[in-house]
Amino acid sequence: MAVEVHVVTPDREVWSGTVELLVARGVDGMVGIMGGHAPLLIQLAIGPLRMQGEDGRWEGAVVDGGFLHVSSEGGTTRADVLAANAELAAEIDVDASRRRLEELRGRTLDEDDEAAKIEVAKAEARIALVS
């Protein structure tokens, strides 16, 4: 049984298709979605989305948080990934992400600087997805 997946941001639909398995990182841990999954709504963490197609190949994307909503209607399972920002692996400029990470690590970061911690997590997620 397959899952219809839609990865969207306010600006565009990043990816849509049918997959056998969707794996995402929620704020409370990893979650896997297959056809027939129970309805679900979770908050996503900064991190990867991995989608295994019906042909067995994997697609990857990274999201900067957001929500994953899973619904099941009439035997069809649908997963909507709603993110402020999402990029497919092929769209990621890994060199720019590495430079950004080095720049952030080169600064003296205040332990309470949540914005800097978020930027580090974003850069690390992009590098990890394509490495």
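Each value in this text was obtained by applying a stated rule to the coordinates, not by laboratory testing. Keep in mind the model is a prediction, meaning the values are calculated, not measured. Cβ: placed from backbone, ideal geometry, glycine included. Neighbour counts: every protein chain shown.
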Exercise. Which ordering of I42, I118 is given by a fewest-first count of other beta-carbon atoms within 10 Å?
Worked result: I118, I42
For this session: Starting from the Cα-Cα distance between R78 and A38, subtract it from 0.36 nm times their residue separation and give me the gain in nm to one decimal.
Result: 13.4 nm
Exercise. So how tilted is helix 94-106 from the main axis of the chain? Cα-based, degrees 0 to 90, rounded to 10.
Worked result: 50 degrees
For this session: Give the order of E4, E87 when sorted by the count of other beta carbons within 10 angstrom, beginning with the fewest.
Result: E4, E87
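Restricting to region 1-124, compute how many DSSP beta bridges are antiparallel as a %, nearest 5. Let's see the in-between values first.
Numbers: 39 of 45 bridges.
Antiparallel bridges: around 85 percent, rounded to the nearest 5.
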Problem set entry | Residue order, fewest to most surrounding Cβ atoms within 10 angstrom, among S71, S131, S97, S16 | S131, S16, S71, S97
Seminar exercise, completed: The equivalent-ellipsoid semi-axes of the chain, taken as the square roots of five times the Cα gyration tensor eigenvalues and listed largest first in whole Å, are 29, 15, 11
Exercise. What is the distance, in nm, between label points placed 7 Å from the Cα along the Cα-to-Cβ direction at E54 and at K117?
Worked result: 4.3 nm
For this session: With everything on Cα atoms, drop me the angle between helix 114-130 and the longest principal axis of the chain, reported from 0 to 90° to the nearest 10.
Result: 60 degrees
